[in-house]
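Peer 1: I have a structure here, written as structure tokens, and I will follow up with some questions on it.
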Amino acid sequence: MNEIKVSFFKSQFKSKPTDAEAAALNKIIAKNPITVSYDKIKYLAKLVGECGCTFCPATFTDGLKSKANFEQTQLLALDFDNKFQDKTVSFEQVKKRADYYDLRILFAYDTFGSNKITKKFRVVFLNDVSIPNIKVAETVLYALHTVFPEADPQGKSAVQMYYGGIGLFYFDDTIPEINIESVFRNLTICFEDQYGVTNIRRHTEKFSRETGLAITKKGKFDVSMVYDISDISHIENVAEENIGASSDDNNSPKPFIVFIIKGDGEKLSKIYYVLNYGERSTRSLYVTQRKPGNHKDYRSIDLARLRLRCQLFREFETGERKIPRLELFGIATNLINAVESGSSKFMEILRATSRYDHHPKKYHKWKQDLRYMKDYKPSSCNNFCPYKDKCSHGTNMLARPKRNNVEKMQGYEEAFDTLEDVAEDVYQSIYNAYRSTDVMWYIIKAMTSSGKTTAYLRLIKENNNAVFLISALTNILKDEIYERAVAMGLNVMKTPSLEEIKDKIPDDVWRKIMWYYKNGLPFSVHLYIHDILQERNIPCLREYMYERERLKTFNGSVITTHRYLLNMSAKRLGKYDSVIVDEDIIKSVISNQCTIPLSGLKKLSKEARGSNLSKRIKKLLQLSVTTSCIELDSIKCYVEDDEIDIVLDEASTPFDTSAFFMAHKFYIRRASKEWNINEDTLVFIKPVAFKEVKHIMVSATVDEDICRNFFGENKVNFYECKKAKYKGNLYQYPHKSMSRDSINNTPGIIQRLTKHFGIKDEYVITHKGYGKGPYWIGNTEGSNYMEGENILVAATPYHAEFLYKLIAHTMGLTFDKNAEMKEKLCTHNGHRFWIKTYEDDTLRNIHFWMIESELEQAVGRARLLWHECTVHLCSRFPLSQTQISELILDKEASE
């Protein structure tokens, strides 16, 4: 929230203080600085204007009210005592002049001594930024006194103290601000109005002599607004850390004084005000560089393109919304300096929309403004446009953004806590979920390596009379969790897995086992194993069956996998107090797909002629002619409670009739739209029926909207844990998208990046088949192999486009079924960036969730939260805590 600082004395006076009281106030007021938020300024105005409290707009160091101890000021006051008959003025006249010159008054009050005969009042302006330099403060005050010569000249001092009043008669609830650039631009226009165009130079030079403020060769005050520190970095001794430092000493070698606005609330931009107090300027910081021939960067025809993509310009052109002054100023700097005939076009639109028909002189005023601003650089959209985060723009309204750039949104900051607080928050969130009596999904989003496993194992240890089921993503993670639990002395058992012993099983037996699973007959697997063990001695299978039987009577907590959990019956799950799901189980569900060409369906229909299977296939084939998203009623037809822990090879999966009957949503992939299939193909996600038991899912990559859509809006309790700042560094290089196509189009890029960053091959994570390490995108979860190492992640993971639509269709979401991925300017994690994605919000959310999940897991392998190592991320998709960096491969590395 925006705030101001003033010196304030709370004692209330009914009349002007005596000399003794004034002397005491003068000594004590500097010792009483207060901070006032913008929403409390009206209260301050009432204390001053109605209750008679004394204030000084400035604050001071060491509690001493003097110019030497000046700290800053943001309020600027003018006194109108009407002492002299030739300089009397009413508040209405002052306000009319102030509005005309865009110097809107914040509040005004009657001062002590005001009466019906002699009206005495004080007006107060609010500057948009605290002014931390007394020379600039007094120059701005001098300018205001020049525009309002009727004001008491004693008010030109920046350390002036002001008594309260007897009535607050004006307050602008919009909390208007003036700014340094506007003050001096309007002072020049005021000179023009008073003395004529030919006499402006004489008066600006007089003002320059009296204040020390330089003027340019064109006779303008050398005051400018700069939006990028690099634009003024050539000035000697100017650096961001020195901004606001005083250089007003006559002997100072630094003629420039620079001030900064730091974004706060909705003011997300930085604006630097540069004032030259040296010799007459021979250069202008804000002049737009012209092309040869003095042509501007854009032609009038570019306005047609601007109209299509810029909402603010459309609103300005049609007059459908009254554009505030700040936005008008930004539009003006873009049109008049970038577009041929821009000034004429701007004025044409003002008149066509009747903007100032109630105040015709304002049209003339705008012509003066445009003439004065013709050398300004076009304002950045980030500094004035309310739609800056939604539309496609570059550095200004007309510039097109660079497609390979990821730009951090100014003002976006993440809040961080200590590692200890984060770890305790993770535990507390799991504990609260466990203690809750509601049967639902408790989704806990916690950073990678923030202590999730430690937290739920601690919960189990502290509640040793309770029985838990822990479900891990893979068998490897299941084994790691089991070892940690045993080391803590917990009474646990892990589920046996055929997948883990498949290399010890005879090939013919393994093939038969796989045949049962692939054909949707999991309940036959254990019958087959029982029978084969009657004929052959296979020790690993005998041990597997023994462990399976022992599990049925085990009374402690059990550690298993996602696949195993998905096939457990409600009866089995009912014995556990809570089911803890480690990592996002939705990803496990959507990865379990069934695919069959339509020709295969037709053949199967003939073979099963007259059966329910044949009828279901015929109905599906009829619907497939006209739509790609198909819904059919599901039919339950398989036996539960046969635990599956097998990773099936999708490419060779036969038709799973059980899953086909159970499925409700189907999607048709069209060969005419996908290059990698030869004919139209049916695909569906094998259905799962989550049991009505309490699930606690803990993951770093879950998405709240995805969870609510998948499990049900009223079945999810979502909590995002506190975050800690990385000890290590995450550097991101968006020079290439690093999708598979991007890598294919840049042969050798992975090797060149590996060499450039000096990363070992085994610490490189990229798409499967493109790297040499043991892990790849989609196969990284839970591994500690790279902990504390410098690693390279080079990928922006994309799946076949049908998958995003299949997921949306399966979850019953509304989306554009004909949507195609296109380059789009997006915002995410506090960054703006171009990426190939969907215009459709539903599909884009699914797309971003999948990209972010896989990249976060890959980056998480280095455990940046605990180690001072570095992850180099080559991707167009920005992650949390990323530091955007430029990548230039040296000549040797690029060869």
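Peer 1: Limited to region 568-589, what total is found for residues that are crowded, with 20+ Cβ neighbours inside 10 Å and either more than 33 Å from the chain's Cα centre (by Cα) or closer than 16 Å to Ala663 by Cα (or both)?
Peer 2: Let us first name the residues in region 568-589 that are crowded, with 20+ Cβ neighbours inside 10 Å, namely 568, 578-587, 589.
Filter once more, so that each one left must be either more than 33 Å from the chain's Cα centre (by Cα) or closer than 16 Å to Ala663 by Cα (or both): 568, 578-579, 589.
Residues in region 568-589 being crowded, with 20+ Cβ neighbours inside 10 Å and either more than 33 Å from the chain's Cα centre (by Cα) or closer than 16 Å to Ala663 by Cα (or both): 4 in total.
Peer 1: Any residue that is crowded, with 16+ Cβ neighbours inside 10 Å and modelled with pLDDT under 95 - is there at least one of those in region 92-99?
Peer 2: Taking every residue of region 92-99 in turn, none turns out to be crowded, with 16+ Cβ neighbours inside 10 Å and modelled with pLDDT under 95.
Yes/no per residue for (1) under 27 Å from Thr188 (Cβ atoms); (2) part of a helix (DSSP H, G or I); (3) touching a residue at least 60 places away in the same chain (Cβ under 8 Å); (4) not basic (Lys, Arg):
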| position | (1), (2), (3), (4) |
| --- | --- |
| Ile4 | no, no, yes, yes |
| Phe9 | no, no, no, yes |
| Asn26 | no, yes, yes, yes |
| Ala68 | no, yes, no, yes |
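Peer 1: Starting from residues that are in contact with a Ser or Thr (Cβ under 8 Å, 6 or more places away or on another chain) and not charged (D, E, K, R), keep the ones in region 605-629 and report whichever is modelled with the lowest pLDDT.
Peer 2: Ala608
Peer 1: Shifting gears a bit: Is it true that some residue in region 713-727 is free of Cβ contacts under 8 Å to residues at least 24 places away in the same chain and farther than 30 Å from Asp438 by Cα?
Peer 2: No, there is no match, as no residue in region 713-727 is free of Cβ contacts under 8 Å to residues at least 24 places away in the same chain and farther than 30 Å from Asp438 by Cα.
Peer 1: Let me ask you something else. Sort out which residues of region 464-489 are buried (at least 18 other Cβ atoms within 10 Å of the Cβ) and in a loop (DSSP other than H, G, I, E, B), and write them in order of number.
Peer 2: Leu473, Thr474
Peer 1: Modelled with pLDDT of 55 or more, buried (at least 17 other Cβ atoms within 10 Å of the Cβ), outside any loop (DSSP other than H, G, I, E, B) and within 31 Å of the chain's Cα centre (by Cα): which single residue out of Ile331, Ile323 fits that description?
Peer 2: Numbers: Ile323 fails: outside any loop (DSSP other than H, G, I, E, B).
Among Ile331, Ile323, only Ile331 is modelled with pLDDT of 55 or more, buried (at least 17 other Cβ atoms within 10 Å of the Cβ), outside any loop (DSSP other than H, G, I, E, B) and within 31 Å of the chain's Cα centre (by Cα).
Peer 1: I'd like to check something: does region 573-589 contain any residue that is of a type in the set (S, T, N, Q) and over 22 Å from Lys452 (Cβ atoms)? Walk me through how you get there before you give the answer.
Peer 2: Step one: filter region 573-589 for residues of a type in the set (S, T, N, Q), giving 578, 588.
Checking the rest, the ones that are also over 22 Å from Lys452 (Cβ atoms) come to none.
No, region 573-589 contains no residue that is of a type in the set (S, T, N, Q) and over 22 Å from Lys452 (Cβ atoms).
Peer 1: Hey, Asp19 hits all of (1) under 19 Å from Gln160 (Cα atoms); (2) in contact (Cβ under 8 Å) with a residue 60 or more places away in the chain but one; which does it fall short on?
Peer 2: The failed condition is (2).
Peer 1: Then there's this: Name every residue in region 787-812 that is surrounded by fewer than 18 Cβ atoms within 10 Å (Cβ to Cβ) and under 18 Å from Val683 (Cα atoms), in order of residue number.
Peer 2: His799, Ala800, Glu801, Gly812
Peer 1: Right, next: Take Asp438 and tell me if it is part of a loop (DSSP other than H, G, I, E, B) and touching a residue at least 24 places away in the same chain (Cβ under 8 Å). I'd like the intermediate steps shown before the answer.
Peer 2: Values: part of a loop (DSSP other than H, G, I, E, B): yes; touching a residue at least 24 places away in the same chain (Cβ under 8 Å): yes.
Answer is yes for this residue.
Peer 1: Does region 816-830 contain any residue that is surrounded by 18 or more Cβ atoms within 10 Å (Cβ to Cβ), touching a residue at least 12 places away in the same chain (Cβ under 8 Å), of a type in the set (S, T, N, Q) and on the phi > 0 side of the Ramachandran plot?
Peer 2: Checked region 816-830: at least one residue is surrounded by 18 or more Cβ atoms within 10 Å (Cβ to Cβ), touching a residue at least 12 places away in the same chain (Cβ under 8 Å), of a type in the set (S, T, N, Q) and on the phi > 0 side of the Ramachandran plot.
Peer 1: Outside the structural domain of Leu632 (by TED's automatic domain parsing), out of contact with any His (no Cβ under 8 Å at 6 or more places or on another chain), buried (at least 16 other Cβ atoms within 10 Å of the Cβ) and at pLDDT below 90: which single residue out of Lys736, Lys715 fits that description? Explain how you work it out, then say what you get.
Peer 2: Numbers: Lys715 fails: at pLDDT below 90.
Criteria check complete, one pass: Lys736.
Peer 1: Applying the selection to region 348-363, what residues are surrounded by fewer than 18 Cβ atoms within 10 Å (Cβ to Cβ), in contact with a helix residue (DSSP H, G or I) (Cβ under 9 Å, 6 or more places away or on another chain) and closer than 23 Å to Thr188 by Cα?
Peer 2: If the condition is that a residue be surrounded by fewer than 18 Cβ atoms within 10 Å (Cβ to Cβ), in contact with a helix residue (DSSP H, G or I) (Cβ under 9 Å, 6 or more places away or on another chain) and closer than 23 Å to Thr188 by Cα, then Tyr356, His359, Lys361, Lys362, Tyr363 are the ones that fit.
Peer 1: Return the residue satisfying two criteria in turn: it lies in region 544-558 and is within 14 Å of Ser497 (Cα to Cα) and touching a helix residue (DSSP H, G or I) at 6+ places or on another chain (Cβ under 8 Å), and of such residues it is surrounded by the most Cβ atoms within 10 Å (Cβ to Cβ).
Peer 2: Checking each candidate, the answer is Val558.
Peer 1: Here's another thing I want to ask about it. Hey, which of the helices (runs of 4 or more DSSP H) in region 107-212, taking only ones fully inside, have at least 1 residues that are touching a Leu at 6+ places or on another chain (Cβ under 6 Å) and crowded, with 20+ Cβ neighbours inside 10 Å? Please lay out each step first, then the result.
Peer 2: On the way: elements: 134-147, 180-195, 200-211.
Result: 134-147.
Peer 1: If you check Asp761 against the conditions, is it free of Cβ contacts under 8 Å to residues at least 24 places away in the same chain and more than 29 Å from Gln593 (Cα to Cα)? Let's see the steps before the verdict.
Peer 2: Working: free of Cβ contacts under 8 Å to residues at least 24 places away in the same chain: yes; more than 29 Å from Gln593 (Cα to Cα): yes.
When the stated conditions are applied, Asp761 passes them.
The values are calculated or read from the model by the stated rules, or taken from the named source; none is laboratory data. Note that the structure is predicted; figures quoted are calculated from it, not measured. With ideal geometry, Cβ positions are generated from the backbone for all residues, glycine too; neighbour counts draw on all protein chains shown.
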